[in-house]
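These notes concern the structure reproduced below.
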Amino acid sequence: MDGRGLAAALLLGAQGAQLGTRFLTAAESGAHAAYKEALLASAEDDTVVTRWFSGRPARGLRNRFIQEAERAGIEPLPFPSQNSATGPLRQEAAKQGRADYMSLWSGQAVRLLTRDTPAAQIVRDIAEKARALLGARD
């Protein structure tokens, strides 16, 4: 999610890198305001791999829904049944702005998130840092 990570990926032989979470709080992001606030208030150890929202494993912020579902002691339904079963809950949570019942997908490097930075600036910053690091090794 930053120039160091991109430089490391390139040094290990990757042709590029894919970013997702870094852009969720960008100025252009259409993510729900409650989702953005939850991301900005979180730390790396707030993420968990869960199947409770969709039935497929995905990393997201631990919230009340995940905690309650885990406490129930049952297994989530397989995809797409679990996704369909939680759809109305997620939709209502979004209407009410309640992140505690929304699916809050996230990578682990949430400390790097910034509020309302334009996506182009995020890309420029990552590329410049990676270039500087890769150039420093020559």
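The values are calculated or read from the model by the stated rules, or taken from the named source; none is laboratory data. Note that the structure is predicted; figures quoted are calculated from it, not measured. Note that each Cβ is placed from the backbone with ideal geometry, even for glycine, and that neighbours are counted across all protein chains shown.
Matching residues to (1) in a strand (DSSP E or B); (2) among the hydroxyl-bearing types (Ser, Thr, Tyr); (3) closer than 30 Å to residue 123 by Cβ:
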| position | (1), (2), (3) |
| --- | --- |
| 13 | no, no, yes |
| 19 | no, no, yes |
| 45 | no, no, yes |
| 49 | yes, no, yes |
| 55 | no, no, no |
| 65 | no, no, no |
| 78 | no, no, no |
| 82 | no, no, no |
| 94 | no, no, yes |
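Would you pick out the residues in segment 37-82 that are within 21 Å of residue 114 (Cα to Cα) and among the basic types (Lys, Arg)?
If the condition is that a residue be within 21 Å of residue 114 (Cα to Cα) and among the basic types (Lys, Arg), then 59, 62 are the ones that fit.
I'd like to check something: does segment 13-23 contain any residue that is at pLDDT 95 or above and closer than 23 Å to residue 96 by Cβ?
Within segment 13-23, not a single residue is at pLDDT 95 or above and closer than 23 Å to residue 96 by Cβ.
So, residue 28, is that one at pLDDT 95 or above, among the charged types (D, E, K, R) and assigned to a helix (DSSP H, G or I) or not?
Working: at pLDDT 95 or above: yes; among the charged types (D, E, K, R): yes; assigned to a helix (DSSP H, G or I): no.
In short, no.
Looking only at segment 75-97, decide whether some residue is under 16 Å from residue 42 (Cα atoms) and at pLDDT 95 or above. So that I can check it myself, show each step before the final result.
Taking segment 75-97 as the starting set, the residues that turn out to be under 16 Å from residue 42 (Cα atoms) are none.
No, that holds for no residue.
Of 41, 26, 7, which residue is in contact with a Pro (Cβ under 7 Å, 6 or more places away or on another chain), of a type outside the set (D, E, K, R) and within 27 Å of residue 127 (Cα to Cα)? Give the steps one after another, and end with the answer.
Values: 41 fails: in contact with a Pro (Cβ under 7 Å, 6 or more places away or on another chain); 7 fails: in contact with a Pro (Cβ under 7 Å, 6 or more places away or on another chain).
Every option except 26 fails the conditions.
Of these, 126, 74, 66, which one is aliphatic (A, V, I, L, M), free of Cβ contacts under 8 Å to residues at least 40 places away in the same chain and either touching a Ser or Thr at 6+ places or on another chain (Cβ under 7 Å) or under 20 Å from residue 3 (Cα atoms) (or both)?
On the way: 126 fails: free of Cβ contacts under 8 Å to residues at least 40 places away in the same chain; 74 fails: either touching a Ser or Thr at 6+ places or on another chain (Cβ under 7 Å) or under 20 Å from residue 3 (Cα atoms) (or both).
None of the others qualify; the one that does is 66.
Going through 108, 121 one at a time, which residue ends up being touching a residue at least 24 places away in the same chain (Cβ under 8 Å) and of a type in the set (S, T, N, Q)?
On the way: 121 fails: touching a residue at least 24 places away in the same chain (Cβ under 8 Å).
It is 108.
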